[in-house]
Amino acid sequence: MSALQFVFVVVVAAFAAFLGYQVQLSTTKPDMTSRVIREMSPEQELVKHSEEFQKKEIRKVMDNIYMGIGYALGNAIMVIAPDGLIIVDVTESSLAAKEILTEFRKITKKPIKAIIYTHHHTDHIGGVGGFIEDPSNLPDIWAHEQLPQEIRKFHTTAYGAKFKRSMRQFGTFVTKDKFQNAGIGIQLNYGKDKDSMGFIQPNKLLKDMELDTNIAGLDIRLLKIPGETSDQIGLWIPSFQAFMCADDVYRAFPNIYTIRGAPARDPVDWYTSVQRMLDLEPEYLVPSHTQPIIGKENVRGVLEVYRDGIQFVHDQALRFINKGLSPDDVVKHVIMPDKLRLHPHLREFYGTVPWSVKGVFQLYLGWFSGDPVDLFPLSNTDKASRVVALAGGVSEVLTSAIKAWNDNDIQWALELASYILVVDDRNVEARKIKVDCLTLLGIRNINAIASNYYLTSALETSGSVHLRLEGKHRQEIITALGPRELFELVSSMYKYDECGGRSDIVVFVIKDLNEQYTIQLRNYVAIVRSDITPKKYDIKVTASQKALKKMMIEQIANVQLKDLGDFSLDGDEEKFRSFMACFESDWNE
């Protein structure tokens with residue numbers, strides 16, 4: 001039995017409720033179960049890709065640049081400057097960051113003078129606490145001026161959905177083996193009991209496309225390099241001929257669209273940023289994921305093909321979009337030539353060409369395919385019930401799903417099983433088929449995040465995993481966000497169906513910050529403002545930032561207001577509690 005066959009058996013064993021399915025189907029359809037085991041073999045290219053980051057190591061790039069790789073999803077980079085250290089990115093994990101710093105300290109004892117966030121993603125900022133050696137004497141923290149706003153947007157818009165999709169994409173709850181990874185790192189570090197994610201606001205901001213400055217005695221150029229994010233910055237050190245390219249280049253095809261949920265990235269911005277790197281002619285290219293590239297010719301070769309691969313997908317997608325094709329049909333026409341497709345830095349371990357093509361479509365034309373059928377389509381529930389009825393009922397669709405499985409038509413088997421479960425969520429046979437389809441598609445896929453998404457969904461479908469935003473992580477988010485971000489979150493948590501008839505006005509005064517926020521319920525929306533002082537209000541809350549956050553963390557239903565400390569209420573407490581009950585308290589629902 002191969003390693004992957006063994007892991008598959010372990011995965012299936014985890015679906016304890018479904019073992020009967022395997023026995024039952026092996027009696028009626030002998031090849032159903034044996035087919036899974038027989039065809040289980042690791043996607044060898046994805047197995048080999050794990051060698052890029054599966055071992056924890058401090059990699060020496062050159063005499064004054066080292067990187068910690070394999071400790072977390074993201075790398076942390078140490079630049080040794082004349083007057084101290086510059087840390088570029090800090091991983092997502094305080095534990096990983098501390099472990100990396102311990103190893104860095106075996107190389108140099110110089111003080112950390114600056115930390116640079118290349119962009120707002122958690123795997124670049126979340127471990128900052130691990131690099132803070134003296135909380136009373138913080139280093140300068142650099143970022144692009146858009147970073148605080150991007151963090152607010154990430155945590156105050158669709159965060160519950162993004163959380164679940166991120167956990168699937170990165171395979172956080174999928175047992176790791178040597179053949180599994182997250183495409184750009186071995187895995188996202190999340191959920192360890194003693195681990196934490198945190199954030200410290202930057203105090204130094206890049207406001208222009210470029211800034212020549214001196215940090216810790218070293219001349220440095222900071223460049224805005226939009227690509228994976230709009231707030232991304234790179235670091236050019238002329239005296240070292242080294243460029244830190246953040247997430248604009250890794251040893252994998254980029255995520256022009258990410259399935260965890262985000263607006264499509266602009267490919268023109270992306271390949272333009274890579275061209276700027278090319279023009280610098282660096283000797284060393286130091287990414288925030290995967291291994292560094294060393295040697296001017298090696299760097300140029302990678303940057304050229306990376307830049308051109310992104311432009312190819314963009315231009316060819318537009319070519320066929322302009323022929324009036326739907327997104328799925330455009331995907332069929334945009335096939336990268338082998339010179340690009342087979343290049344080690346454009347293999348589809350992370351992003352994919354089909355997702356990127358659909359991202360380009362979304363970027364220029366939005367959600368509408370152009371087909372009038374899609375103007376007001378049937379819901380998935382309506383469509384599933386009609387397909388099942390048209391096929392002759394659940395038993396007929398189930399028979400077709402089994403046949404599709406046996407014919408190795410796994411995607412069709414998955415879709416048929418999913419139709420049945422929409423109509424009959426308790427159908428055990430359909431659920432078993434769906435679990436095995438998701439598992440098989442996950443094991444077969446060269447794309448790490450597609451594989452992780454399939455396998456996590458299999459665990460969810462089986463009932464083995466329930467993705468929820470745990471209280472600890474929720475507390476970390478509330479603690480990290482400022483009052484402005486927290487109040488921005490409120491409007492999208494309003495339960496209009498329960499409180500739509502109310503017209504309350506509640507004022508919140510954060511006295512230690514000298515800030516004021518008003519929430520007004522009107523016309524089925526919750527209006528949040530910080531620029532007015534209403535002449536009339538129903539309730540006024542005066543509190544410290546700490547007391548307000550404690551109320552949010554513990555949830556109003558569980559809190560005795562008198563125990564909050566620096567908190568006072570002008571108005572009726574029961575009315576205030578009923579007002580707060582108009583907002584979702586559980587981010588998972």
Set V394, V331: member being more than 26 Å from the chain's Cα centre (by Cα) and crowded, with 17+ Cβ neighbours inside 10 Å | V394
So is K204 of a type in the set (K, R), modelled with pLDDT under 95 and over 21 Å from the mean Cα position of the chain (by Cα) or not?
-> no
Have a look at I115, I80 and point out the one that is of a type in the set (V, I, T), open to solvent by 20 Å² or more (accessible area, probe 1.4 Å) and touching a residue at least 12 places away in the same chain (Cβ under 8 Å).
-> I80
Filter the stretch 349-376 for residues that are open to solvent by 30 Å² or more (accessible area, probe 1.4 Å) and under 29 Å from the mean Cα position of the chain (by Cα) and give the result.
-> P354, W355, K358, Q362, L363, Y364, L365, W367, F368, D374
Search result, residues across the stretch 483-502 that are assigned to a helix (DSSP H, G or I) and either open to solvent by 80 Å² or more (accessible area, probe 1.4 Å) or without any contact (Cβ under 8 Å) to a residue 60 or more places away in the chain (or both) = R484, F487, S491, S492, Y496, D497, E498
Is at least one residue of the stretch 58-75 open to solvent by 10 Å² or more (accessible area, probe 1.4 Å) and among the polar types (S, T, N, Q)?
-> yes
Test: residue in the stretch 85-98 that is modelled with pLDDT of 95 or more and more than 30 Å from P226 (Cβ to Cβ) = yes
When the stretch 377-386 is examined, which residues are found to be surrounded by fewer than 17 Cβ atoms within 10 Å (Cβ to Cβ) and not in a loop (DSSP other than H, G, I, E, B)?
-> N380, T381, D382, K383, S385, R386
Within the stretch 555-583, residues among the hydrophobic types (A, V, I, L, M, F, W, C), assigned to a helix (DSSP H, G or I) and open to solvent by less than 50 Å² (accessible area, probe 1.4 Å) come out as I556, L561, F576, F579, M580
Residues being touching a Lys or Arg at 6+ places or on another chain (Cβ under 8 Å) and under 21 Å from S379 (Cα atoms) - total across the stretch 420-448 = 1
Log entry, pairs with first residue in the stretch 287-308 being in a loop (DSSP other than H, G, I, E, B), second being charged (D, E, K, R) and open to solvent by 10 Å² or more (accessible area, probe 1.4 Å), beta carbons closer than 8 Å, six or more apart or on different chains, reads T290/E52; T290/R251; Q291/E52; Q291/R59; Q291/R251; P292/R59; G295/E283
Matching residues in the stretch 277-292 (open to solvent by 20 Å² or more (accessible area, probe 1.4 Å) and within 11 Å of F243 (Cα to Cα)) number 5
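The values are calculated or read from the model by the stated rules, or taken from the named source; none is laboratory data. Quick caveat: nothing in here was measured; it's all calculated off a predicted structure. Every residue, glycine among them, receives a Cβ derived from its backbone with ideal geometry; neighbour counts consider all protein chains shown. Heavy atoms of the whole protein, side chains included, go into the accessibility calculation; ligands, DNA and RNA do not. Shrake-Rupley method; radii C 1.70, N 1.55, O 1.52, S 1.80 Å.
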